[in-house]
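Enquirer: First the structure, then my questions, so here it is.
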Amino acid sequence: MISSATRSTRCRKNKNPIRNLYSFQLFNKIPNENSTENTIESQHTSSSFASFLPSSIISSVGPASLVGGTAAIYTSLLRHPNSTLNQLSFVLMMLLAIQYAIQPRLSRKYISPKIKKQSVALVEEVAKTSFAAVIFFSKPSDEIQSALKDWSLSSSLACAGLPAMLYALQGVLQYVSYQHIDSVTFNGLTQTKTLSAAFCCWLIIGKPQSPLQMVALGILFGSALVFQGYVRVETFWNKSNLKIPADDAPASSVTEESKSEGINSNTARNQTRKMSASKKNDDWWWRGVVPCLGAAFLSGLAGALSQKGLQFTGIRGRDPFLYTIEVSFFSAITLLINMVRSNAFLELEWQKQKNYWNWKTLIPIFIKASSGVITALVHKYAGSVSKGFALMFGLVLSNMIQLRAEQESLQSYQVLGTFMIMLSTWLHFTNPV
């Protein structure tokens, strides 16, 4: 009798075709037809970070270690003499981290996959413009006049036009990615925002990186591979125990068994299963991972441009709420023009699309719009690279939420990848130039 925990482990492993294919190509093991129980047992063993530790210990110690490590890093950063992080920046980044943690799950729950992602991004930009406008025009009149003193349309286009187009494209890519990967994977890949932001800040603002900061960025890049499960520590000592489930065996071996046993139906089922797995693999990669990485790079580029505009425009830089209004307005115009060109407002298309909208659809959209206002404040007072702290803590929160909601233990590669992100972030922010 196979235990429920074992069946759950096998089910989770079969969800990702890339990881099963990677394991087969790396070790080139042929499944043993007569040892199904041993195969499942080996699968269960290889999924543990340390095979001699029960999964219950891993699931208990892992989340506590993640939270404790995160707290230690933030404490070290706040106390470091060279750190520019203050209490305001800390609070803003915590709010941003919460949004990063809950956004993918809320988007999958309340936004239908059939909704046009451009329309979702357009509503988000309109909401973001409204939020920022309410806050900006509620300021004292002298502050408003000071912010608008040197404002002009040409200066606004020069300062906010390009970031607006980049943010508009990023929003579309993010909504596509939300629908095809889980929240923990999404936040893990989003960590590359810090890498792209550091590179773009050096390229645009001329802010260099110290040698240890470069090492930290390299660790951060490697953490994305570890977090996805492409590089697993346990494979280096569990090679002899790894077995490929019979369901994931190469099509040729299954075909030979079918011929020898005279059961042609098995071949057809195997081909169907193979095609289904291939389609899921393509969706996971091209509609999940690639858009997420593209959005992360665009975020770093737009963040560097935003930091330049917010900190170096005028005497004291641009007002963050005014800047949010400008960027969101231009982003909305860009999306609107693109939707008109694609005939998204045709009556037939509109009748079809409005069936997928309700008031709950606005929940993730408004939350993401509010985070856009917070992001401008982070760029103003902490810098675009500092958003990496918010992303890191968002990753930890996302791990905890997934563990609680799905009642499953953290995978070893997720824990290790998170620790690598913590290490790289600590090295980067405690060793400035």
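Enquirer: With a 10 Å Cβ neighbour count serving as the proxy for reagent exposure, in which order, fewest first, do Thr313, Thr129, Thr324 appear?
Expert: Listing Thr313, Thr129, Thr324 from fewest to most nearby Cβ atoms yields Thr313, Thr129, Thr324.
Enquirer: Residue by residue through the stretch 427-433, what is 3J(HN,Hα) from phi via Karplus (6.51 cos²θ - 1.76 cosθ + 1.60, θ = phi - 60°)? Round to whole Hz and write x for glycine and proline.
Expert: 4, 5, 8, 9, 9, x, 5
Enquirer: Separate question: Please report, in debye to the nearest 20, how large the charge dipole of the stretch 311-408 is about its Cα centre when each Lys and Arg carries +1 at its beta carbon and each Asp and Glu carries -1 there.
Expert: Computed about the Cα centre, the dipole is about 180 debye.
Enquirer: Going through the cross-link list Lys193/Lys354; Lys139/Lys387; Lys109/Lys387; Lys114/Lys360; Lys149/Lys207, which pairs have a Cα-Cα distance over 22 Å in this structure?
Expert: Checking Cα-Cα distances, Lys193/Lys354; Lys139/Lys387; Lys109/Lys387; Lys149/Lys207 exceed 22 Å.
Enquirer: Additional query: Roughly speaking, what is the stretch gain from Glu349 to Phe366, that is 0.36 nm per residue apart minus the C-alpha to C-alpha distance, in nm to one decimal?
Expert: Here the segment from Glu349 to Phe366 would lengthen by 3.7 nm.
Enquirer: If you don't mind, there's one more thing I want to ask. Report relative contact order for the stretch 297-433 in percent, whole number only (criteria: Cα-Cα under 8 Å, sequence separation at least 6).
Expert: Contact order relative to length: 28 percent.
Enquirer: Based only on the alpha carbon positions, what is the Kirkwood hydrodynamic radius of the stretch 364-429, in angstrom?
Expert: By the Kirkwood definition, the hydrodynamic radius is 13.5 Å.
Enquirer: Another question about this same structure. How would you rank 159-165, 289-295, highest first, on the average number of other Cβ atoms within 10 Å across their residues?
Expert: 159-165, 289-295
Enquirer: May I pose another question? Which order, highest average first, do 388-394, 421-427 follow once you tally other Cβ atoms within 10 Å for each residue and take the mean per peptide?
Expert: My ranking of the peptides, most packed first, is 388-394, 421-427.
Here, each number is a calculation from the coordinates, and none is a lab measurement. Please read all numbers here as calculations on a predicted model, not as lab measurements. As a convention, Cβ positions derive from the backbone with ideal geometry for all residues, glycine included, and neighbour counts pool all protein chains shown.
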